[in-house]
Amino acid sequence: MSQIKAVRGTRDLLPPETELWNRVEATARRVLERYAFGEIRTPIFEDTQLFARGVGEETDIVSKEMYTWEDRPRAQSEKAQMLTLRPENTAGVVRAYIEHKLGDSGLLQKLYYIGPQFRRERPQKGRYRQFFQIGAEVIGPVSAGSESPLRDAEVLEMLATFLDELGVTGWTLELNSVGSAQDRPRYVEALRTALTDVAPTLCVDCQRRAVTNPLRVLDCKVPEDQEKIDALPKIADFLDEDSRAHFAQVCAALDACGVAYKVSPRLVRGLDYYTRTTFEFTHGGLGAQNALLGGGRYDGLSEMLGGPKAPGIGFAIGADRLVLTLQAQQVAQGASSAALLADAYIAPLGEAQQAESLVLARELRRASLRVELGDGTFRLKKSFEMGNKLARKIVLFGEEEAASGMVTVKDFQTGEQTKVPRGELAKMLGAQ
RNA sequence: GCGGCUAUAGUUCAGUGGCAGAACGCCGGUCUGUGGCACCGGAUGUCGUGGGUUCGACCCCCACUAGCCGCCCCA
């Protein structure tokens, strides 16, 4: 019988790596809560139509990368419903915003989420079929200030703070504006026109993109093409007055608080719902998947989903990539990824001491110490060997200790060995 | 979905058409209430899976699967 393995593009996260994941998530929660975001948990699967309408029928995500299936009808009369594992979380959050009439509060909704997303793509480093995102959305009625450029700047400043607190170094914030829902189609048309002349001189990939997805030509990395691509029409020249002023204010607010950014006229994002501000935080060392996180404004998404006017801005952090980046940094700094050592390893000496050794472990654990408990059948030498791998100190608990009430403690680092009354053990091991 | 590279011990990797290897790790001993260091000994395994060629395949061929790199696209 063949071995059952994790399916392609999925993987198990094991200790000690999960410690790093927890640190990333804990840091994100801490920072987000300082900015007064609250957590939202939406279902992991939704009606397929949500993504078709929100993300865009023609996007690759919807047209070929979703895990979609037909749900089993409960009765003959019921129509089978098409369901989809969420490929991203913004559409689900906006759906919840509409469904629960959150806009009726008259307040801005600031919601964050942490969870798995699913896309049926070809796996590579930093790209999995089940991947994890940490994201947030600021959405609400216009009267609550949801369109304000200050919201954009605040979100970007928060992300910079998050990466700094996490200790990520060497990131770059790339910023652009793709204009209003009216501006973008005009620009795409102009780009298409310009490309009819230029495309034949570009790389083969670009020749294809010029026809299938002109915006993607702007992403081309072939050095020889760069000059010609720079000469193509820029979206900045197609922005209306409002979008232009909005973008200028975002930049001004970022300048004021010293968050470094690079305006990237070529940064266009793949999802249909983006308007005006779009951004990416990138990092070298991630290969082709160089975006750590991305996001932007989606002023029309709520209406696209049949809801009220509710402009918003949000982002999604690729947690898998963030973890990869942090791991690479740790290796570069020579930091060990070894598991956290316990405060003590309790070694019962002989099976007669086993029950009481659990009592001792319980006392220490209730004092918030991290404790490993050995086994009374181990030879002393083996107890020491195991203790040395698992903990900073070993506590010997044999016949002698049980009788006298004095336990023997040895520090593995200093080699120092002492006897302490059992009642003082927790304190001696560093309990608060 | 397309192209390239790869798959051998727990891990990192050598290897040859004719007995399956190293290092680290693991287990045991020197050492029966004292770890690390040292020395001695031991087990590592469906050589990714399934076919084919051959007297004989870990090696050559085909298919499949998975990983990595790139493309597409994207966090």
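The values are calculated or read from the model by the stated rules, or taken from the named source; none is laboratory data. Note that the coordinates shown come from a computational prediction; the quantities given were computed from them, not determined experimentally. Here the Cβ is made from the backbone with ideal geometry for all residues, glycine too, and neighbour counts use every protein chain on show. Remember, those area values only see protein heavy atoms, side chains included, never the ligands or the DNA or RNA. Shrake-Rupley method; radii C 1.70, N 1.55, O 1.52, S 1.80 Å.
Annotations for the structure displayed:
- Alpha-carbon centroid distance for the pair the range A:399-432 / the range A:338-392, whole angstrom: 12
- Most fluctuating residue given options A:PRO141, A:PRO73, A:PRO15, as computed from a GNM of chain A linking Cα atoms under 10 Å: A:PRO73
- Among the protein heavy atoms of the range A:315-432, carbon and sulfur supply 51% of the accessible surface, probe 1.4 Å, non-protein parts ignored.
- In chain A, a dipole from Cβ-located charges (positive for Lys and Arg, negative for Asp and Glu) runs towards its positive end, and of A:VAL62, A:VAL407, A:THR42 it is A:VAL407 whose Cα lies farthest in that direction.
- Considering only A:GLY387, A:GLY307, A:GLY167, the mean-square fluctuation computed in a Gaussian network model of chain A, springs between alpha carbons under 10 angstrom, is largest for A:GLY387.
- Set of lysines with alpha-carbon distance to A:LYS221 below 26 Å, sequence-local pairs under 8 removed: A:LYS64, A:LYS125, A:LYS234, A:LYS262
- A:TRP171 accessible area, 1.4 Å probe, all protein chains in place, Å² to nearest 10: 50
- Spatial separation of Cα centroids for the range A:243-261 and the range A:37-99, in angstrom: 34
- Only protein heavy atoms count here; on that basis, with a 1.4 Å probe, A:PHE45 has an accessible area of about 100 Å².
- Local net charge near A:ALA316, Cβ-Cβ under 13 Å (Lys/Arg +1, Asp/Glu -1): 0
- Using θ = phi - 60° and Karplus 6.51 cos²θ - 1.76 cosθ + 1.60, couplings along the range A:11-18 (whole Hz; Gly, Pro as x): 7, 8, 9, 10, x, x, 4, 4
- Candidates A:VAL138, A:PRO348, A:VAL359 compared by Cα position along the dipole of chain A: farthest toward the positive end lies A:PRO348, with charges placed on Cβ.
- For chain A, the solvent-accessible area of protein heavy atoms averages 51 Å² per residue (probe radius 1.4 Å; ligands and nucleic acids excluded).
- Take each peptide in A:82-91, A:63-72, A:198-207, count the other Cβ atoms within 10 Å of every residue, and average; sorted highest first, the result is A:82-91, A:198-207, A:63-72.
- Karplus-derived 3J(HN,Hα), 6.51/-1.76/1.60, for each residue of the range A:39-54, Hz, glycine and proline x: 7, 10, 10, 9, x, 7, 10, 9, 4, 3, 4, 4, 7, 4, 7, x
- In units of the compact-protein estimate 2.2 N^0.38 Å, chain A shows a Cα radius of gyration of 1.27.
- Qualifying lysines (Cα of each under 22 Å from Cα of A:LYS393; at least 8 residues distant if same chain): A:LYS381, A:LYS382, A:LYS410, A:LYS419, A:LYS427
- Ranking A:GLU39, A:GLU99, A:GLU227, A:GLU46 by solvent-accessible area of protein heavy atoms (1.4 Å probe, all protein chains present), from largest to smallest, gives A:GLU227, A:GLU99, A:GLU39, A:GLU46.
- Angle in degrees between helix A:241-257 and the longest Cα principal axis of chain A, rounded to the nearest 10: 30
- In this structure A:PHE118 has an accessible area near 20 Å², from a 1.4 Å probe over the protein heavy atoms.
- Cα centroid separation, the range A:120-179 to the range A:302-334 (Å): 5
- Net +/- balance of residues flanking A:GLN330 in space, Cβ distance below 12 Å, scoring K and R +1, D and E -1: -1
- The range A:344-428: antiparallel DSSP beta bridges as a percent of all, rounded to 5: 55
- Chain A: most fluctuating residue of A:GLU25, A:GLU224, A:GLU385 per GNM, C-alpha cutoff 10 Å: A:GLU385
- Theoretical FRET efficiency, 1/(1+(r/R0)^6), r = Cβ-Cβ of A:SER77 and A:ASP255, R0 41 Å, to 0.05: 0.10
- Residue-wise HN-Hα couplings along the range A:402-407, as the Karplus relation 6.51 cos²θ - 1.76 cosθ + 1.60 with θ = phi - 60° gives them from phi, are 4, 6, 8, x, 10, 9 Hz; Gly and Pro carry x.
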